[in-house]
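Written below as structure tokens is the structure these notes are about.
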Amino acid sequence: MTEPIEVGTDIVSWCTKCKLILDHTLVALADGLPKKVKCKTCKGHHNYRDKAPAARVPGTGRKVKKTDYEVAMSRLGESYDFSTAKKYSMKGKFKVDQVIDHASFGIGFIVLSLDTKIEALFVDGPKRLVQNR
């Protein structure tokens with residue numbers, strides 16, 4: 001027969017700070033099950049986790065919406081000359097629907113222009129940039 005779990009006993013748990021399975025002290029129970037623990041190594045308090053979290057699969061993170069960029073690109077038409085796009089500079093002033101050429105992000109379209117900031121759509125997604133500096 002297994003021993004009943006009590007507050008203050010030692011238990012093995014996944015530590016969210018240390019990122020390892022380590023010895024912990026049980027701090028709280030909920031319905032007879034471990035709820036909160038304190039790591040004996042880093043002294044951190046956190047929820048009880050009996051195992052490490054599953055590894056993340058590459059490419060399953062936040063999805064970037066590229067359709068907005070494609071829509072803006074199609075509005076320009078096939079005959080647009082991208083060599084006329086204004087080079088991005090923090091000192092420059094930009095207007096909505098203006099085409100810019102950024103050194104790192106490439107060709108972009110201004111969708112929002114505030115006093116000192118702009119938001120532009122690029123192939124990799126929207127970026128917030130500064131202007132009038």
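Taking into account only those residues within the range 14-27 that are more than 27 Å from the chain's Cα centre (by Cα) and closer than 21 Å to Pro53 by Cβ, which is surrounded by the most Cβ atoms within 10 Å (Cβ to Cβ)?
Within the range 14-27, the first condition is being more than 27 Å from the chain's Cα centre (by Cα), and the residues that meet it are 22-27.
Going one step further and asking which of them are closer than 21 Å to Pro53 by Cβ, we end up with 22-24, 26-27.
Working: Leu22: 16, Asp23: 13, His24: 25, Leu26: 19, Val27: 16.
My answer is His24.
Condition first: within 30 Å of Asp10 (Cα to Cα), among the charged types (D, E, K, R), modelled with pLDDT under 85 and under 19 Å from the mean Cα position of the chain (by Cα). Can you find one or more residues in the range 59-82 that meet it?
no
The values are calculated or read from the model by the stated rules, or taken from the named source; none is laboratory data. Bear in mind that the values here come from a model prediction, so they are computed numbers and not experimental data. Reconstructed Cβ throughout: ideal geometry from the backbone, glycine too, with neighbour counts over all protein chains shown.
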